[in-house]
Each structure stands twice: as C-alpha cells, then as structure tokens.
Amino acid sequence: MPVQSIHCLMPAALRLPPGVPEPLSCQRRHTLPASEFRCLTPQDAVSVFEIEREAFISVSGDCPLRLHEIQHFLTLCPELSLGWFQEGRLVAFIIGSLWDEERLTQESLTLHRPGGHTAHLHVLAVHRTFRQQGKGSILLWRYLCHLGGLPAVRRAVLMCEDPLVPFYERFGFRPVGPCAVTVGLLTFTELECSLQGQAASRRNSC
C-alpha cells in the first residue's frame, strides 16, 4: 500500500526570478519539509525502534514492540501508523493495527486482523529531545483525524497504566475496565474512543 502523506506544515516557497540562485537553506527545505506528518514505512522501522527503546526501557525495562514486530506492522498496515518528521528526522510516532474483538487480548499485541473495525494503538513515543513540548498531544490528535478518514475504522482502543488515563481522556477515550493483557508485573487500563460521528468534526479541525 502506498505511503499516505497526511499534512505538511511548511507553506509553499515563492519562486525566485530566473537566474537568481536560491540560498542553500531554501534548497534544503524543498526536499526536507520543516514539519511533516506521514504514514511510516518498513524503512522507518529502525528509527522508530530507537525512539521506542529509549522511551520505554528506562521506565518499564521492556518495549511494547520489538524491531521485527515494528517491521511486521509497517509492512501489513502502514496506513495505521503516523510519524512526525522535522527536517527529515523522525521525532514522534504512533503505530497501530486492526483488531476484531470487543476487548484486547494477549494476541492483540502482535496480530493485525484486516477484517477488524477497531484500531489498536500499540505505542506512542516521542524522541527524548522533543519531550515536554506537547508533541505527543499534537500527534495523537492528528492520528485520530487520520483514523476518522479511514472508512473501515469505527473506534480506537489502547491500554495504558493508570497515571496516563487522564491524558487519553482529553482526546475522547474512556476507560472500559482493567485490561486482560499483562506485561510482566505491569497491569493496564483499557480505553476506547468512538470514531463514528466524530470523524467529520475532527477532519474539519485538523
């Protein structure tokens, strides 16, 4: 499936008269937009894993997705991922897959069910040098806008530790109870967000 370009924040550059050379900085921006959101590809997997590993290993000692699992999802369902690039550098990302059951199970951590209507958000991570800048919030909002434009997706689900529940509630997620999935000694709350009826309003505000 082709990579989908979601949005580019940089305005189109004005053209200079013939014969007038452009500054190097302008030439670079033609190939590397100042800020760009796009679906990820398997070629982005290593950059994704590096950010994820740094973000999660120090906190929980483990990563939600291994490198081969990242490559797996970005091959099967790249349209359910979204990366934020600045000057061509990945600074934040979300990876999801489709799920076809009401609640998450241990299998949902590694499976993509093409016939499902639920987007399972596996991981959201921001590069360490770009944290505490609101980038996670911006990326999640754009991701939900993107999901709202996918006809097959009717809702989004995720699991998180209790301290993160208020963050996701700000975006329309609501807790549905303890998650059946555990990772080591960690337990999680499962949350869901309906995308039906909200897709149009999200698209208009993105």
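Structural remarks
- Sorted largest first, the principal axis extents computed over the alpha-carbon atoms of region 35-194 equal 39, 35, 31 Å.
- Taking the 1.4 Å solvent-accessible surface of region 35-194 as the whole, the part contributed by carbon and sulfur is 54%.
- Positive dipole terminus of region 35-194, leading residue within Trp141, Ser194, His72 (C-beta point charges): Trp141
- For peptides 89-101, 121-133, 164-176, sequence by mean Cβ density within 10 Å, most packed first: 89-101, 121-133, 164-176
- Accessible area per residue for region 68-206 is 46 Å², calculated with a 1.4 Å probe on protein heavy atoms, without ligands, DNA or RNA.
The values are calculated or read from the model by the stated rules, or taken from the named source; none is laboratory data. This one's a predicted model, so the numbers in the text were calculated from it and none came from an experiment. Using ideal geometry, Cβ is built from the backbone for each residue, glycine included, and neighbour counts are taken over all protein chains shown. Please note that ligands, DNA and RNA were not included when accessible areas were found on the heavy atoms of the full protein model with its side chains. Shrake-Rupley method; radii C 1.70, N 1.55, O 1.52, S 1.80 Å.
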